[in-house]
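Colleague: Have a look at this one before I ask anything.
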Amino acid sequence: MEFIWAIVIGALYAAGLYMIMRRSIVKIILGLALLGYAANLLIFIVSNLTRGNPPLVPPGATAPIAPYADPLPQALILTAIVIGFGVQAFTIVLFRRAYRSFGADDIDELRTTER
Amino acid sequence: MLTAVLSGFGGAIAAPWLHRLAPRHAGWLAALLPFVLMIYFISLVPTVAGGEALRFSYAWVPGLGVNLSFRIDGLSLLFALLITGIGTLVLIYAGGYLANDPMLGRMLTLLLIFMAAMLGIVTSDNLIGLFVFWELTTISSYLLIGYKHEYEKARKAALQSLLVTGIGGLALLAGIVLLGQITGTLELSEMLKRGDTVRAHPLYSSILALVLFGAFTKSAQFPFHFWLPGAMEAPTPVSSYLHSATMVKAGVFLLARLNPVLGGTEAWQLLLTFFGSATMIVGSFLAVQQTDLKRILAYTTVSALGTLVMLIGVGTDDAIKAAMVFTLGHALYKGALFQVTGSVDHETGTRDISHLGGLRTAMPITAAAAMLAALSMAGLPPMLGFIAKEVQYKANLSEPILIGVALLTNILTVVAASFVSLRVFTGQPVHTPKHAHEAPLSMWLGPVALALGGLGAGLFSTQIGNLLIGPATGSVLGKVKAVELVLWAGIEGAAGQALALSGVTLLAGIGLYYARSIFPRIAAATAPLAALGAESWYHRTVSGMLLLAERQTRILQNGYLRFYIALIIITTLILTSLMLLVGQVTITMPQNWTDVRVYELAVALIILSATAFVLRATSRMAAVVGLGFVGYGTALTFLLFGGPDLAITQFAVETLSAILFVLVVYRLPRFGNLSSVSARLRSAALAIAGGALMTILTLIALAEPTESRLSSFMAENSQSLANGRNVVNVILVDFRSFDTLGEITVLGVAAIGIYALLKLVVPSEQEPRVETDGSLDGKTEGVPRERTEVIDA
Amino acid sequence: MYSLILATATRLLIPLMLIFSIFLLIRGHNEPGGGFVGGLVVGAAFTLYAAVYGVSQAQNALRFDPKRIVAVGLLVALVSGLLAFFQGLPLMTGLWYPQPLPVIGKVGTPLLFDVGVYLVVIGITATIMFTLFEVEGE
């Protein structure tokens, strides 16, 4: 069952990479978002994918009922999602500022700032 | 003892406040600290002279054998007294010299940091500790040379000294680590007992080379001597303290300290005497060719350091004794002369000896101090310098070559001493840029005290010998050694021969002083040699590296984002494929790959088609909607496979993201088809290759067993240890809460960054001069609609 | 963006969202939920408020400067970890009040830490969204 998810991850990575290689800054933002999904899914899929229970301990028990999903990568992804949101907002605002300051919607025109 | 050594760092923090509270007396106040420390060290003299070594240890990184341990024996104490004593005078001096400088507080801070670091070097009993302090002196030296950072020359000189001594420091660290490996200890007091093991070890020559490289660069030995004259860009108090009396002697100190471990072999003797002698000759020879007072003194310092290295190389009891006496004598007279130079520069506006003369009437006290110190430098009785020279000659009597070297160096030193005293203070007064008058108390106290110190040490040589030089010599030799130090050793035997050599030195020196017109001609004749010297190699290396960096930056950092990304993808592809090929990794299809439920397939298809939709979207709105579908699809995936926490978080974030996009993206330009078709095809090919690689890597990772002890531990102990039944949340707020703390800090930083990007506008930056995309509304105020000019201003 | 239906709906929705977020926060230790998602829900609530009534109204409703909420949240999280440290235990050891409280359940420093996370997330969401609304001239 993991196989189709491997394909989905590959497709998301390919799409994200393609988008961040574009010149239009909006497309780059979209590409970064796609890469974020891809990375989160990757961690989620490769760590013991189970259709089983969430990692919750039922009241009165001492451990989740097996088979349960691996809690550790979930904790990683959870913070990654929220941080991803913060970073995405930061990127968007950064591009907005660059656009306002230089008037360039074409990332190539921002090259001058690196010179 | 720990307090004594480290108090300088505390003082350094307080110094700027002192300067703010009492700008006129900051130097005096700051000098209290080294003064108290000096008293403390003096109080230790009787104990240490009795043959005891004081030790204090504090475990720092016990796992690596790194301790913060300190040990004070004769050698440490001699240096500690120099550091604190001269430090006291230098801080007072700096307060006067930089009285009108608003940055005086910074100068005092750096000097105190340096003092503490230097004390750390000489008292550290752990080699790693010693190294840390060693590097601290390098850094403070860098900052002090670059004190007048608005001048490019100062910055360059600072960088030069940092690079030269820094590279030496790295070599030293390697040497220390090897020493630690061989002897099994990093504590000096232990290591000093294992010299035989080290000398017999096959790695001995490597260690020797590394340690000598470190010591030679620090102590400005030929061919690395060039950074020291450059360091004269520093304000004079710094030159007086770091670059004559103390820091440059750190290399000498290290050699003396490690003498029982590394010394005594033929290689040691040969290398040290050779490089020491070469430094002596080069230094003294260059010194007499200079006209800048500070450079004269700098080169004589180089030559003096060479003398010390040479004497340690000879290694006999007499030679070590000579080195210790000379260390003390040199620090006293050179510290004084540097401060005199500073006062002269300060009061007349020039340091060029061809523009100076007859200052004795205008600056009588400074002149007297200078004369006294120069007497010591020239080696005349009854100064300590005289005794130092006598014992030096005596130590070398059996080696005709070394006697020749010493004779030549000492003659030229006499000439240099005459330059800095007779030339400047006697003769007819010369017109100077500023009208000369006596320096203030804070600026003549130091030279006078140091010069009198040289006189006193000469007069009370017996006591000095018993209390300071004897214990120091003993620690270098690794045995108790009674040292007799007398002003008048008589005219029989070796003492008589040494006295005769002194006479020759003095006569020849004075003769050469009156024939000084030959020096510029010699300088002109030997100038082409400089092109072969290490300094030119240094410049060539540095400029070559800059050129290389510039070229590769031009190629790699050409400003095209997609070029960077393509480079990353290609590199990853190549490296990973290589590893897959070499590692013979077989990609196995997961066994249950056909086991797909319909709704899972449906979610996967939603994500795939939404992704395709984003790629093909021609309007921003459509793309944002597509992206939202990808996000909700991801959230559903989390939900399907046991991650409800992830799913709700993803849903919430998706919602906020959508608002964010709608708010901002509409203000950003419309999609344009900016790239050419071929560029798009190239990107597509790369992107597909990258995506395929990720799929393959995912499959490989899936084939690996994924039993995680960590996860099951956390799952099974969540309830019992952390009172929580949601394991994911327990990991976040309990098991790994420190990580979470870091992550929410990142979030806070991101929020502040966004706020700053949006709210803070550089005043000069005008609001945009471009048309906005008016598709949502065109009513935004303050945004002109027409492109008025090209923005690339 | 003002419309009567939306404005009325918002008035009803926001208290519900706030209560829901606190519910998520408190039960997060035992059931799906927690500080992150709870904070996001509050952030969404105030974003909605700002969209409908404008930033200054939303700011008034929130009472505190969102940047200050971020700072307080970080401080709360840090203090919750330091409490154990001052008791001589390793940093961030969970300390628990032995008796469970009604409704909330067992109370301890991890819950306090989660409150810190909750505040930080509220703060950053509000900071980002309020600033954007303001600058983009809603």
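Colleague: Given the criteria more than 7 Å from chain B (Cβ to nearest Cβ) and outside any helix (DSSP H, G or I), does A:Ala61 qualify?
Modeller: yes
Colleague: Name the residues in region B:258-273 that are under 15 Å from B:Ala319 (Cα atoms) and open to solvent by 10 Å² or more (accessible area, probe 1.4 Å), would you?
Modeller: Applying the first criterion (under 15 Å from B:Ala319 (Cα atoms)) to region B:258-273 yields B:259-260, B:263-264, B:268-270, B:272-273.
Answer for region B:258-273, where residues must be under 15 Å from B:Ala319 (Cα atoms) and open to solvent by 10 Å² or more (accessible area, probe 1.4 Å): B:Asn259, B:Pro260, B:Gly264, B:Gln269, B:Leu270, B:Thr273.
Colleague: So B:Ala323 ticks every box in (1) among the aliphatic types (A, V, I, L, M); (2) surrounded by 24 or more Cβ atoms within 10 Å (Cβ to Cβ); (3) without any contact (Cβ under 8 Å) to a residue 60 or more places away in the chain but one. Which box is left unticked?
Modeller: (3)
Colleague: May I ask you to verify whether C:Met129 is touching a Ser or Thr at 6+ places or on another chain (Cβ under 6 Å), open to solvent by 20 Å² or more (accessible area, probe 1.4 Å) and of a type outside the set (Phe, Trp, Tyr)?
Modeller: No.
Colleague: Also, quick follow-up: Counting only residues that are within 7 Å of chain A (Cβ to nearest Cβ) and not β-branched (Val, Ile, Thr), how many does region B:690-705 have?
Modeller: 7
Colleague: Only one residue in C:Leu40, C:Leu78, C:Leu25 is facing another protein chain (nearest Cβ under 8 Å), open to solvent by less than 20 Å² (accessible area, probe 1.4 Å) and either modelled with pLDDT of 90 or more or in a helix (DSSP H, G or I) (or both). Which one?
Modeller: Testing whether each residue is facing another protein chain (nearest Cβ under 8 Å), open to solvent by less than 20 Å² (accessible area, probe 1.4 Å) and either modelled with pLDDT of 90 or more or in a helix (DSSP H, G or I) (or both) leaves just C:Leu40.
Colleague: What number of residues within region A:64-75 satisfy the criterion of being assigned to a loop (DSSP other than H, G, I, E, B) and within 7 Å of chain B (Cβ to nearest Cβ)?
Modeller: 3
Colleague: Could I ask something else about it? What is the number of the single condition among (1) open to solvent by 10 Å² or more (accessible area, probe 1.4 Å); (2) in contact with a helix residue (DSSP H, G or I) (Cβ under 7 Å, 6 or more places away or on another chain); (3) farther than 25 Å from B:Ile128 by Cβ that B:Gly276 does not meet?
Modeller: For B:Gly276, the failing item is (1).
Colleague: Please go through (1) touching a residue at least 12 places away in the same chain (Cβ under 8 Å); (2) over 30 Å from C:Met129 (Cβ atoms) for B:Val728 and return the number of the only condition it doesn't satisfy.
Modeller: Here B:Val728 clears every test but (2).
Colleague: Specify the residue that is surrounded by the most Cβ atoms within 10 Å (Cβ to Cβ); the eligible residues are those in region B:706-729 that are more than 7 Å from every other protein chain (Cβ to nearest Cβ) and under 28 Å from C:Gly108 (Cα atoms).
Modeller: B:Ser712
Colleague: Yes or no: A:Ala33 touching a helix residue (DSSP H, G or I) at 6+ places or on another chain (Cβ under 6 Å), at pLDDT 95 or above and more than 21 Å from B:Ala722 (Cα to Cα)?
Modeller: It is false that A:Ala33 is touching a helix residue (DSSP H, G or I) at 6+ places or on another chain (Cβ under 6 Å), at pLDDT 95 or above and more than 21 Å from B:Ala722 (Cα to Cα).
Colleague: Out of the residues in region B:377-398 that are touching a helix residue (DSSP H, G or I) at 6+ places or on another chain (Cβ under 8 Å) and among the polar types (S, T, N, Q), state the one that is surrounded by the most Cβ atoms within 10 Å (Cβ to Cβ).
Modeller: First pass over region B:377-398, keeping only residues touching a helix residue (DSSP H, G or I) at 6+ places or on another chain (Cβ under 8 Å): B:377-397.
Add one more test, that the residue is among the polar types (S, T, N, Q), and what stays is B:392, B:396.
Values: B:Gln392: 31, B:Asn396: 26.
Going through the qualifying residues, I end up with B:Gln392.
Colleague: Let me ask something else about it. Restricting attention to region B:558-571, which residues are open to solvent by 40 Å² or more (accessible area, probe 1.4 Å) and facing chain A (nearest Cβ under 7 Å)?
Modeller: B:Tyr560, B:Leu561, B:Arg562
Colleague: Something else about it: Within region B:150-219, considering only helices (runs of 4 or more DSSP H) that don't extend past its boundaries, which have at least 1 residues that are farther than 14 Å from B:Leu127 by Cα?
Modeller: On the way: elements: B:152-183, B:188-191, B:195-200, B:204-218.
Output list reads B:152-183, B:195-200, B:204-218.
Colleague: Of the residues that sit in region B:735-752 and are touching a Leu at 6+ places or on another chain (Cβ under 8 Å) and open to solvent by less than 40 Å² (accessible area, probe 1.4 Å), which one is farthest from C:Gly73 (Cα to Cα)?
Modeller: Going through the qualifying residues, I end up with B:Thr740.
Colleague: Mind telling me which of the residues B:Glu535, B:Glu550 ends up being outside the structural domain of B:Leu408 (by TED's automatic domain parsing) and free of Cβ contacts under 8 Å to residues at least 24 places away in the same chain?
Modeller: Exactly one of B:Glu535, B:Glu550 is outside the structural domain of B:Leu408 (by TED's automatic domain parsing) and free of Cβ contacts under 8 Å to residues at least 24 places away in the same chain, namely B:Glu550.
Colleague: Another question about this same structure. Looking at B:Gly509, is it touching a residue at least 24 places away in the same chain (Cβ under 8 Å) and either surrounded by 10 or more Cβ atoms within 10 Å (Cβ to Cβ) or not small (Gly, Ala, Ser) (or both)?
Modeller: Criteria met by B:Gly509.
Colleague: Here is a further query. Filter region B:181-198 for residues that are among the polar types (S, T, N, Q) and crowded, with 20+ Cβ neighbours inside 10 Å and give the result.
Modeller: The first filter runs over region B:181-198 and keeps only residues among the polar types (S, T, N, Q), leaving B:181, B:183, B:185, B:189, B:197.
Within region B:181-198, just B:Thr183 meets the criteria.
Colleague: What helices (runs of 4 or more DSSP H), lying completely within region B:579-687, carry at least 1 residues that are surrounded by fewer than 22 Cβ atoms within 10 Å (Cβ to Cβ) and basic (Lys, Arg)?
Modeller: Per the criteria, B:598-616.
Colleague: Within region A:41-52, is there a residue that is under 15 Å from the mean Cα position of the chain (by Cα), under 28 Å from B:Leu699 (Cβ atoms), surrounded by fewer than 24 Cβ atoms within 10 Å (Cβ to Cβ) and more than 7 Å from chain B (Cβ to nearest Cβ)?
Modeller: Yes, because at least one residue in region A:41-52 is under 15 Å from the mean Cα position of the chain (by Cα), under 28 Å from B:Leu699 (Cβ atoms), surrounded by fewer than 24 Cβ atoms within 10 Å (Cβ to Cβ) and more than 7 Å from chain B (Cβ to nearest Cβ).
The values are calculated or read from the model by the stated rules, or taken from the named source; none is laboratory data. From a predicted model like this one, the values you see are computed outputs, not experimental measurements. Quick reminder, even Gly has a Cβ in these numbers, built from the backbone with ideal geometry, and neighbours come from all protein chains shown. We work out accessible area using only protein heavy atoms, side chains counted, and drop any ligands, DNA or RNA first. Shrake-Rupley method; radii C 1.70, N 1.55, O 1.52, S 1.80 Å.
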